[in-house]
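Accompanying notes for the structure given below.
The values are calculated or read from the model by the stated rules, or taken from the named source; none is laboratory data. These numbers were taken from a predicted model, which means no experiment stands behind them. Counting neighbours? That spans all protein chains shown, and the Cβs are built from the backbone with ideal geometry, glycine included.
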Amino acid sequence: MKHILLAVLVLLGLTAEAQNTKAQLSFEKKVHDFGSIKEEGGPVAYTFEFTNTGQMPLVIHNVRASCGCTTPEWTRTPIQPGGKGTLKATFDPRNRPGNFNKSITVSSNGQNATEILRIVGRVEERERTVADNYPREMGEIRLKSAHLSFTRVEPGSQKEATLGIINTSSQAVTLSFNRVPSHLRIAAQPATLQPGQEGEIKATYDASKVNDWGFVVDQVYVLVNGNQPKDNRLSVSATIEEDYSSWSPQQLANAPDIQFSENNFDFGAVKQGTVLEHTFKITNKGKSDLILRKVRTSCGCTASKPDKEVVRPGETVNLAVSFNTRGRNGRQSQSVTIYSNDPKKSTMLLRVSATVNP
C-alpha cells in the first residue's frame, strides 16, 4: 500500500513539474471599460499587457474577436520566460450606438491555452444627417430606400405600403411615376414638396390583378418635375401567398400534403456542355386536391410544367427538370421552387447539382 501511495505522489510531482515548465500567459487586466465614447469620434483602442510567467517561450497562436468591429494586434514573436508582450484591441463605434461588450479570445501554447479578454463601454449616438435618414439619392430628392416592400399579400386582397422621401433642393419639386403596372397604384403625398419638406410615397398593391405566386418584383420609375433623375428606379416587391394561420385543426387535417420522391438530386461528374435531365415525382398524400400554383427555376435550370396542376389525393405526377451545363465549370447547384396550396409546405425547394468538368 505504501509503494502505491509513493508511486502516486511521484507521478503527481512529475506532472506538477511538467506543468511548471510550460509557458504561462498572465495579463495585467482582462477587462477594459472605455466608458462613454462618441460615435463620430472614430475608433478607440486599448493595449492589454501580459507577461510570460512560465519557464518556456510563450507563443500566441491566434487572437479572435467576437465582432468585426473589433480589430486585434498582438506580439507575434516568441516571448521568453519573464518577457512581456502586448495585445492591442481597436473598437470602431461607427453605426453601433448603445452599450457594447466585446470578447477577444487568445489562444497560446501556455498552460492556460485559452484566455478571454473583454472591452466594454457605451457609444453615444451621433446626430443623424439627412443622408443618414434618407440614404437613397434621386436627383433633387432622397428616399429612405430604393425598395418598397409589401412583404406578404394574400391572393385577391389589397395592401398598402409607404416609403419616406424628402426634397433636398432649394426649389419645389413635383413627383410622378412611370411604367407603373396595372396592379399597383402609387403617388407621392404631397405630390409637390417644398424645399426641405418631408413626405412619403404611398402605394396600394392589388393582388387580384396579379396572376403570380411567391416573391414578385416590379420596377417603377420616379420622375422629378417630369424628368428622370439618375438611378430613378424604385423596386416594388410582394410575396403573394395564402395565410393559413387561422385554419382549424380539422381544416389542416383535411388539407393536401405535398411529398416528393426526393428533394435533391446529384448528377455527379459530367462533361461540360451536357444537358442533364431528371424527373421528380410529386405525390399528394393529403385528403383534398393539391393545386400546383407555380414552378420557378433558378438561372441555368429549366422545368417543364407538371403532368397535372391539380393532383387528387393519393395521385402522383411528374416534374421534369433539365440543366444545361454549357459554359459552366466546377461544382454547380440549381434550384426549383414549387408553390402549392399545402398549408404547411406552400413553398418547397428542389435542388439539382453536378460537378462539371471541362
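Would you check if ARG331 is over 29 Å from TYR244 (Cα atoms), of a type outside the set (Val, Ile, Thr), in contact with a Gly (Cβ under 8 Å, 6 or more places away or on another chain) and surrounded by fewer than 14 Cβ atoms within 10 Å (Cβ to Cβ)? Here the answer is no, as ARG331 does not meet what is asked.
For PRO195, are the conditions met, namely being outside any strand (DSSP E or B), modelled with pLDDT of 95 or more and under 30 Å from LYS345 (Cβ atoms)? First the steps, then the outcome.
Values: outside any strand (DSSP E or B): yes; modelled with pLDDT of 95 or more: yes; under 30 Å from LYS345 (Cβ atoms): no.
No, not satisfied.
Being in a strand (DSSP E or B) and basic (Lys, Arg), is that true of even one residue in the stretch 124-135? Within the stretch 124-135, none of the residues are in a strand (DSSP E or B) and basic (Lys, Arg).
Just to be sure, is PRO190 at pLDDT 95 or above and either over 18 Å from GLN228 (Cβ atoms) or out of contact with any Pro (no Cβ under 7 Å at 6 or more places or on another chain) (or both)? Talk me through it step by step, then tell me what you get.
Numbers: at pLDDT 95 or above: yes; either over 18 Å from GLN228 (Cβ atoms) or out of contact with any Pro (no Cβ under 7 Å at 6 or more places or on another chain) (or both): yes.
So PRO190 fits the description; yes.
Name the residue that is farthest from SER346 (Cα to Cα), counting only residues in the stretch 275-302 that are modelled with pLDDT of 90 or more and polar (S, T, N, Q).
Filtering the stretch 275-302 for residues that are modelled with pLDDT of 90 or more and polar (S, T, N, Q), the one farthest from SER346 (Cα to Cα) comes out as THR279.
The residues of the stretch 80-108 that are under 16 Å from ALA45 (Cβ atoms) and among the aliphatic types (A, V, I, L, M), listed by number, are LEU87, ALA89, ILE104.
Please enumerate the residues belonging to the stretch 60-72 that are in a strand (DSSP E or B), touching an Asp or Glu at 6+ places or on another chain (Cβ under 9 Å) and without any contact (Cβ under 8 Å) to a residue 40 or more places away in the chain.
Matches in the stretch 60-72: THR71 only.
Scanning the stretch 293-306 for residues that are under 15 Å from SER340 (Cβ atoms) and loosely packed, with under 14 Cβ neighbours inside 10 Å turns up just one, LYS305. Taking the criterion of being under 17 Å from LYS144 (Cβ atoms), surrounded by 15 or more Cβ atoms within 10 Å (Cβ to Cβ) and within 29 Å of the chain's Cα centre (by Cα), the residues of the stretch 172-231 that qualify are GLU200, ILE201, LYS202, ALA203, VAL220, VAL222.
Results for (1) part of a loop (DSSP other than H, G, I, E, B); (2) within 31 Å of the chain's Cα centre (by Cα); (3) crowded, with 17+ Cβ neighbours inside 10 Å, shown as yes or no for each residue.
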site: ASP243; (1), (2), (3): yes, yes, no
site: SER246; (1), (2), (3): yes, yes, no
site: LEU252; (1), (2), (3): no, no, no
site: ALA255; (1), (2), (3): yes, no, yes
site: GLY273; (1), (2), (3): yes, no, no
site: GLU277; (1), (2), (3): no, no, no
site: ILE282; (1), (2), (3): no, yes, yes
site: LYS308; (1), (2), (3): yes, no, no
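Go through the residues of the stretch 317-334 one by one and say whether even a single one is more than 23 Å from THR239 (Cα to Cα), among the small types (Gly, Ala, Ser), in the same structural domain as GLN259 (by TED's automatic domain parsing) and within 26 Å of the chain's Cα centre (by Cα). Yes: the stretch 317-334 contains one or more residues that are more than 23 Å from THR239 (Cα to Cα), among the small types (Gly, Ala, Ser), in the same structural domain as GLN259 (by TED's automatic domain parsing) and within 26 Å of the chain's Cα centre (by Cα).
One line per residue, one yes/no per condition, for (1) hydroxyl-bearing (Ser, Thr, Tyr); (2) assigned to a loop (DSSP other than H, G, I, E, B); (3) over 28 Å from GLN250 (Cα atoms):
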site: SER288; (1), (2), (3): yes, yes, no
site: GLN332; (1), (2), (3): no, no, yes
site: MET348; (1), (2), (3): no, no, no
site: THR355; (1), (2), (3): yes, no, yes
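Just to verify a result, which residue in the stretch 73-117, among those that are in contact (Cβ under 8 Å) with a residue 60 or more places away in the chain and under 31 Å from the mean Cα position of the chain (by Cα), is surrounded by the most Cβ atoms within 10 Å (Cβ to Cβ)? My answer is VAL106. I'm told ASP231 meets every condition in (1) in contact with a Gly (Cβ under 6 Å, 6 or more places away or on another chain); (2) among the charged types (D, E, K, R); (3) not in a strand (DSSP E or B) except one. Can you identify the failing condition by its number? Every condition holds for ASP231 apart from (1). Residues of the stretch 138-154 that are surrounded by 15 or more Cβ atoms within 10 Å (Cβ to Cβ) and in contact with a helix residue (DSSP H, G or I) (Cβ under 8 Å, 6 or more places away or on another chain): ARG142, LYS144, VAL153.
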